[in-house]
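Here's the structure, in structure tokens; my notes come after.
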Amino acid sequence: MEIRELTCIRCPMGCQLTVTIDGENVSVSGNTCPRGEDYGKNEVINPVRTVTSSIRVEGGSLKLVSVKTKGDIPKGKIFEVMEAIRSAVVTAPVYTGDVLISDAAGTGIDVVATKTVERR
């Protein structure tokens, strides 16, 4: 049996969770809402994250555009997604919601712009 202590990040409460892993059985205590239970179980079974960063822009009013993954990606793929982001360069104009990288690192998740950058 394994016990992990986590802080839930699904809502502003920040509940201190105790996740008990006993073979295939995973139980969560310390949560004050159902989101905490879901978070605790998922964090030990299949941890995922949203990645936020920025991509270089050529010919834009700004040199960088802020981006994020459109959904959660497996935690183990963060470095591959970041490498794709670091190597990407886009040409202005860029609009909020534009897909700048499709299927980032084979995750099936796109990287999208979170800001508009006009052409110079």
Suppose the filter is touching a strand residue (DSSP E or B) at 6+ places or on another chain (Cβ under 9 Å) and either closer than 30 Å to GLY30 by Cβ or outside the structural domain of SER27 (by TED's automatic domain parsing) (or both); does ASP103 pass it? no
Look at the range 23-57 and say how many of its residues are closer than 20 Å to PRO74 by Cβ and in contact with a helix residue (DSSP H, G or I) (Cβ under 8 Å, 6 or more places away or on another chain). 6
Looking at the range 64-85 only, could you name the residues that are in a helix (DSSP H, G or I), over 14 Å from VAL48 (Cα atoms) and in contact with a strand residue (DSSP E or B) (Cβ under 8 Å, 6 or more places away or on another chain)? MET82, ALA84, ILE85
Kindly check whether there is at least one residue in the range 31-54 that is surrounded by fewer than 18 Cβ atoms within 10 Å (Cβ to Cβ), acidic (Asp, Glu) and farther than 30 Å from GLU2 by Cα. no
Taking first residues from the range 27-55 that are more than 14 Å from CYS11 (Cα to Cα) and second residues anywhere that are of a type in the set (Val, Ile, Thr) and assigned to a helix (DSSP H, G or I), the pairs with Cβ under 7 Å that are 6 or more apart or on different chains are ARG49/ILE78; VAL51/ILE78; VAL51/VAL81; SER53/ILE85; ILE55/ILE85
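Could you check the range 86-107 and list, in sequence order, the residues that are assigned to a strand (DSSP E or B) and either touching a residue at least 60 places away in the same chain (Cβ under 8 Å) or closer than 15 Å to VAL51 by Cβ (or both)?
Matches in the range 86-107: VAL99, LEU100, ILE101.
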Go through (1) out of contact with any Gly (no Cβ under 9 Å at 6 or more places or on another chain); (2) surrounded by 12 or more Cβ atoms within 10 Å (Cβ to Cβ) for VAL28 and report which single condition fails. (1)
One residue is enough: does the range 108-118 have a residue meeting the conditions outside any loop (DSSP other than H, G, I, E, B) and without any contact (Cβ under 8 Å) to a residue 12 or more places away in the chain? no
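The values are calculated or read from the model by the stated rules, or taken from the named source; none is laboratory data. For clarity, every value in this text was computed on a predicted model and none was experimentally measured. Cβ: placed from backbone, ideal geometry, glycine included. Neighbour counts: every protein chain shown.
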